[in-house]
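Enquirer: Below are the structure tokens for one structure; questions will follow.
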């Protein structure tokens, strides 16, 4: 892998270690949440409510969250979000008596946790350009995704053991420590002074003007962002349903218990880790090459998902999960890297929030539809439909590549002139 050693600065290293700890905690709690709901309801549709609640905040509040991210210092947002998540999905479950730990209360905690996460995600991604140089954006995104993959590898396995030996409630308490560690790491990160300067008016009218400005930029000035949102929407339509319903698929298709489901989900994390490490060297690729990789990876993931329908062998299923993880781990770092390169610093929070709005709207549709399909028609038709969703993501990504090659001029995104111009626009498409 070829990447600059300057990427591993003191500040970026602190961010990476903080995310490592919190992602392991997330991996532990995610399976515990899903297993808890399914075990007490026996309903795939009610199980998807966890995923639905986690995707609602970016949809309901996304554009306004983008304005907050552009105005408020990233350090404050990141630390506050971590501490809120530590309380609602770590401390509170430890304090609530077992007999009072019902589904409704769990849903409320998940929603508050999701609001904090909806702020944290864009704030972290928007902070990357202030921590690393322009040509290292994709590499930085990929390295941060390794923390997600490690969390998926380690977290569910620990969670499965915890569920089997303790209880879902006790397993959730791990999150309090992990989020506090993450907040402590951000406390020592040195963000540039210019990064923390607020922009825009504090009034409600000024906020709405900032929201409209973000939509105008995405809808009128950078068509490639709309096309990336289209590819990401098909991707999240499929993958969000798969990750939410995976305990159901594992239990019904392969007759697995919580420990085995945890190990199989960890295989997905192995694939995600492998592709994340490989993507570290991707920044040197041209824009069409990077997006073409998105198309290929989505197509391969779709094929592997269809393979899950045909096998009952657990080793084969684990191998397929590694392949699915490798395919699923490509789109997000690449797309974020492109957005970080294209969008001006003053608009990046809003661009990311609008991108998440499209992706999460599609995700909530996918979880609802496939939750219903699983309940009414069974697991195999649902897995088949999810695979088709990934094929559509590959098709849209391939269309983006064709559009870029037809409409964009030959100037490079990585020219020295652009690298020295932090908020400059990339070369615009030629008119037709």
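The values are calculated or read from the model by the stated rules, or taken from the named source; none is laboratory data. Keep in mind that this is a model prediction, so the values were computed, not measured. In this analysis, Cβ positions are derived from the backbone assuming ideal geometry, glycine residues included, and neighbour counts consider all displayed protein chains.
Enquirer: Return the residues of the range 377-415 that are modelled with pLDDT of 85 or more and over 24 Å from the mean Cα position of the chain (by Cα); say none if nothing qualifies.
Expert: If the condition is that a residue be modelled with pLDDT of 85 or more and over 24 Å from the mean Cα position of the chain (by Cα), then 377, 380, 381, 402 are the ones that fit.
Enquirer: Between 219, 277, which is out of contact with any helix residue (DSSP H, G or I) (no Cβ under 6 Å at 6 or more places or on another chain), under 26 Å from residue 360 (Cβ atoms) and assigned to a helix (DSSP H, G or I)?
Expert: Numbers: 277 fails: under 26 Å from residue 360 (Cβ atoms).
Of 219, 277, the one residue that is out of contact with any helix residue (DSSP H, G or I) (no Cβ under 6 Å at 6 or more places or on another chain), under 26 Å from residue 360 (Cβ atoms) and assigned to a helix (DSSP H, G or I) is 219.
Enquirer: Okay, next question. Does at least one position in the range 68-89 carry a residue that is part of a helix (DSSP H, G or I), modelled with pLDDT under 80 and surrounded by fewer than 17 Cβ atoms within 10 Å (Cβ to Cβ)?
Expert: Taking every residue of the range 68-89 in turn, none turns out to be part of a helix (DSSP H, G or I), modelled with pLDDT under 80 and surrounded by fewer than 17 Cβ atoms within 10 Å (Cβ to Cβ).
Enquirer: Could you please let me know if residue 325 is more than 16 Å from residue 238 (Cα to Cα), in contact with a helix residue (DSSP H, G or I) (Cβ under 8 Å, 6 or more places away or on another chain) and buried (at least 20 other Cβ atoms within 10 Å of the Cβ)? Lay out the reasoning, then the answer.
Expert: Numbers: more than 16 Å from residue 238 (Cα to Cα): no; in contact with a helix residue (DSSP H, G or I) (Cβ under 8 Å, 6 or more places away or on another chain): yes; buried (at least 20 other Cβ atoms within 10 Å of the Cβ): yes.
For residue 325, the condition - more than 16 Å from residue 238 (Cα to Cα), in contact with a helix residue (DSSP H, G or I) (Cβ under 8 Å, 6 or more places away or on another chain) and buried (at least 20 other Cβ atoms within 10 Å of the Cβ) - is not met.
Enquirer: State all residues of the range 8-41 that are modelled with pLDDT under 75, surrounded by fewer than 19 Cβ atoms within 10 Å (Cβ to Cβ) and part of a helix (DSSP H, G or I); if no residue qualifies, say none.
Expert: 39, 40, 41
Enquirer: Let me ask something else. Of everything in the range 155-206, what is assigned to a loop (DSSP other than H, G, I, E, B) and at pLDDT 65 or above? Give them in sequence order.
Expert: Within the range 155-206, 166, 173, 188, 189, 190, 191, 192, 203 qualify.
Enquirer: In addition: Just checking, which of 349, 337 is within 14 Å of the chain's Cα centre (by Cα) and crowded, with 24+ Cβ neighbours inside 10 Å?
Expert: 337
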